[in-house]
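One structure is given here, and the rest of the page talks about it.
The values are calculated or read from the model by the stated rules, or taken from the named source; none is laboratory data. What you see is a predicted model; the values in this text were computed from it and never measured. So basically every Cβ, Gly included, is an ideal-geometry build from the backbone, and we count neighbours across all protein chains shown. To get the accessible areas, we keep the full protein, side chains included, count just its heavy atoms, and leave off ligands, DNA and RNA. Shrake-Rupley method; radii C 1.70, N 1.55, O 1.52, S 1.80 Å.
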Amino acid sequence: MFTKIFGKQKQETSALSSLEKLIETLEMLEKKESVVTKKASVEVEKAREYTRAKNKKAAIQCLKRKRLLEQQIEQLGNYQLRIHEQMILLEGAKATTETVDALKGGAAAMKKMQKATSIDDVDNTMDEINEQTENMKQIQAALAAPIGAAADFDEDELEAELEELEGADLEEELLKPTEPVASIHVPAGRQSARPAPQKRTAEEEELDALQAEMAL
């Protein structure tokens, strides 16, 4: 275990050191390229001055040095490209290694959890749950069962009595007298819009008879 831990730390330290070294080298190459580029620009300016001074030989020498410097600049650019490629490869390898390590750690944790929880433990737990559930159902059924005088009642007799009550209610409903509906005869032809006269009460008839006698 300690070998794996220290080995992993050593690999990470080595990768970080390599990246730091590559970065330092890249910065050095960039600075050197900048210096050489400035030198090449100086040679171009000198060649122009010698050309104005009609010193062709000196101007050509400046252009030659400028081309040598340009070759060096191109070489420095290639070096930087190689450094970039190496950094990309190293970073990719580091990411791959970290991913594999993470997957290994996950697999080890899963294996450890599986060892801690076996299929027998799961089966035993489910059996206990089923047993407790069945016990609770029996307890609830026992609590809901009638006790005392209510336990002696015959359910069939109670249902028969209920049917007799329902039959008696139905028979009483059928024997109720129905109120006759007065039929209204409407003569054929044009119907009058006036409402039918209401039935006179006994008091109204006696009042009419008294008025008739007084009129005589």
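From Gln80, Gln132, grab the single residue that is part of a helix (DSSP H, G or I), in contact with an Asp or Glu (Cβ under 9 Å, 6 or more places away or on another chain) and among the polar types (S, T, N, Q).
One residue alone meets the criteria, Gln80.
Is it the case that some residue within segment 137-147 is at pLDDT below 75 and open to solvent by 100 Å² or more (accessible area, probe 1.4 Å)?
Filtering segment 137-147 down to residues at pLDDT below 75 leaves 144-147.
Next, from what is left, pick out any that are open to solvent by 100 Å² or more (accessible area, probe 1.4 Å): 147.
Yes - at least one qualifying residue is present in segment 137-147.
From the list Leu143, Leu103, Leu76, which one is more than 30 Å from Glu33 (Cβ to Cβ) and over 42 Å from the mean Cα position of the chain (by Cα)? First the steps, then the outcome.
Details: Leu103 fails: over 42 Å from the mean Cα position of the chain (by Cα); Leu76 fails: more than 30 Å from Glu33 (Cβ to Cβ).
Result of the check over Leu143, Leu103, Leu76: Leu143.
Of all residues in segment 61-74, which are free of Cβ contacts under 8 Å to residues at least 12 places away in the same chain and open to solvent by less than 90 Å² (accessible area, probe 1.4 Å)? Outline the logic, then answer.
Just the residues of segment 61-74 that are free of Cβ contacts under 8 Å to residues at least 12 places away in the same chain, to begin with: 61, 64, 67-68, 71, 74.
Result: Gln61, single match.
Identify, by number, the condition in (1) over 17 Å from Leu26 (Cβ atoms); (2) open to solvent by less than 90 Å² (accessible area, probe 1.4 Å) that Gly77 doesn't meet.
(1)
Just name the residue that is farthest from His84 (Cα to Cα) out of those in segment 29-55 that are in contact (Cβ under 8 Å) with a residue 40 or more places away in the chain and open to solvent by 80 Å² or more (accessible area, probe 1.4 Å). Don't jump to the end; show me each part of the working.
Keep residues of segment 29-55 that are in contact (Cβ under 8 Å) with a residue 40 or more places away in the chain, which gives 29-30, 32-33, 36.
Checking which are open to solvent by 80 Å² or more (accessible area, probe 1.4 Å) leaves us with 30, 32.
On the way: Glu30: 12, Lys32: 16 Å.
Among residues in segment 29-55 that are in contact (Cβ under 8 Å) with a residue 40 or more places away in the chain and open to solvent by 80 Å² or more (accessible area, probe 1.4 Å), the one farthest from His84 (Cα to Cα) is Lys32.
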